[in-house]
Amino acid sequence: MQLWFIEEQAPGMALALKATGTVYREKTKYQDLTVIETVDAGRALVLDDCIQTSDMDEFIYHEMIAHVPLCTHPLPEKVLVVGGGDGGSIREILKHDSVKEAVLAEIDERVIEAAKKYLPNTSCRLDDPRCRVVIGDGFLHVNTHPGEYDVILCDSTDPVGPGIVLFSEEFYQGVYSSLKDDGIFVAQTESPFYYRDLLARVSKTLKGIFPIVKTYVTVMPTYPGALWTFTLASKEYDPVECVRRLDLETRFYTPELHKASFALPRLVKDIVGA
Ligand code: SAM
């Protein structure tokens with residue numbers, strides 16, 4: 001007998017991972033949380049039936065969401081992650097010696113607890129003295145901490161449930177005011193195949209708020225469509241011009257890839273009007 005985890009990623013498309021079983025399951029106040037053990041992708045965190053992170057490819061997503069803005073900013077000292085309860089973004093941020101404090105604003109405490117227990121490779125820096133966990137809505141956080149951060153990452157779920165607000169213009173206005181005068185923001189902006197309208201809208205909205213807005217791409221084998229986008233919005237530094245070469249221990253990110261990831265496929269250029 002074979003056990004398969006199947007995620008219907010789009011009405012006509014699914015990802016199937018051969019599994020050995022369910023490691024943990026709970027219905028939290030906000031979402032259905034499951035940790036599964038798979039044959040090829042290792043442990044995976046699944047929220048409301050959508051894979052959030054898997055041992056196989058989480059490093060790609062977390063290195064690309066963190067190192068692109070942190071290697072663009074000349075001296076990132078205070079960094080905020082909105083969402084990101086699995087801890088992967090915090091792990092990458094804390095590889096930067098300049099960072100004095102990394103704040104994690106996650107709405108669902110149970111995601112953090114489950115990640116600490118069942119996804120140790122991803123959550124391994126959540127108890128670091130430079131990491132401060134704030135349980136609460138990231139929308140409220142950015143609207144109550146003006147001028148505080150050098151870099152803000154939005155490591156959110158898809159735009160469903162509590163994640164919807166993290167794709168709104170009001171949230172981006174809050175992010176702008178929560179950043180210092182030369183701050184940088186990056187959001188995960190989903191698949192260009194399955195979230196075309198959302199990517200276009202986020203890019204357009206951010207362009208109305210920040211002077212520099214650029215989308216970059218990476219591969220993510222377990223995410224819908226496998227081609228993934230991030231959108232970076234900056235008050236001063238251009239992410240293609242300013243790339244600091246740091247001695248970071250990475251498996252995917254390189255300074256060359258940093259620049260190359262802004263060379264967009266025509267499909268994505270057409271969506272974001274680049
Ligand atoms: N890398 C993942 C992806 O692209 O699918 C995202 C991972 S992380 C687990 C997403 C987190 O965002 C979840 O733990 C969820 O609880 C959190 N979240 C959703 N809405 C939020 C909000 N309004 N404020 C703070 N955290 C939120």
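Can you compute log10 of I(q)/I(0) for the range 54-118 with the Debye formula, treating each Cα as one identical point scatterer, at q = 0.15, 0.19, 0.26, 0.30 Å⁻¹? For the range 54-118, the Cα-only Debye profile gives -0.46, -0.72, -1.17, -1.34. Of all DSSP bridge pairs formed entirely within the range 22-139, close to 60 percent run antiparallel. Ranking 191, 24, 5 by how far each Cα lies toward the positive end of the dipole of the chain (charges on Cβ) leaves 191 at the top. Using all pairs of distinct alpha-carbon atoms, the Kirkwood hydrodynamic radius of the range 1-71 works out to 13.3 angstrom. Orientation-averaged projection of the chain equals 13.4 nm² [convex hull of Cα atoms, one quarter of hull surface area]. This model, with +1 at the C-beta of Lys and Arg and -1 at the C-beta of Asp and Glu, gives the chain a dipole about its Cα centre of some 340 debye.
Using the 1.4 Å probe convention, the accessible area of the range 174-266 works out to 44 Å² per residue with neighbouring protein chains retained. Once the range 69-190 is represented by equal point scatterers at the alpha-carbon sites, with solvent omitted, what log10 I(q)/I(0) does the Debye formula produce at q = 0.10, 0.12, 0.20 Å⁻¹? Relative scattering, expressed as log10 I(q)/I(0), comes to -0.26, -0.38, -1.10. Helical content of the chain, expressed as a calculated mean residue ellipticity at 222 nm, amounts to -7500 deg cm²/dmol (DSSP H runs of 4 or more residues, -39,500 (n - 2.57) each, divided by residue number, nearest 500). In the chain, the portion of solvent-accessible area held by carbon and sulfur atoms comes to 52 percent [1.4 Å probe, whole percent, DNA, RNA and ligands not counted]. Of the DSSP H helices in the chain, those with a Cα length along their own long axis of 18 Å or more and a mean Kyte-Doolittle hydropathy reaching -0.5 comprise 58-72.
Just report the Cα centroid separation between the range 258-274 and the range 77-145, whole Å. Taking the Cα centre of each part, the range 258-274 and the range 77-145 sit 29 Å apart.
The values are calculated or read from the model by the stated rules, or taken from the named source; none is laboratory data. Since this is a predicted model, take the numbers as computed values, not measurements. Positions of Cβ are generated from backbone atoms using ideal geometry, with glycine treated the same way; all protein chains shown enter the neighbour counts. Side chains are part of the model used for accessible areas, which takes the heavy atoms of the whole protein and leaves out ligands, DNA and RNA. Shrake-Rupley method; radii C 1.70, N 1.55, O 1.52, S 1.80 Å.
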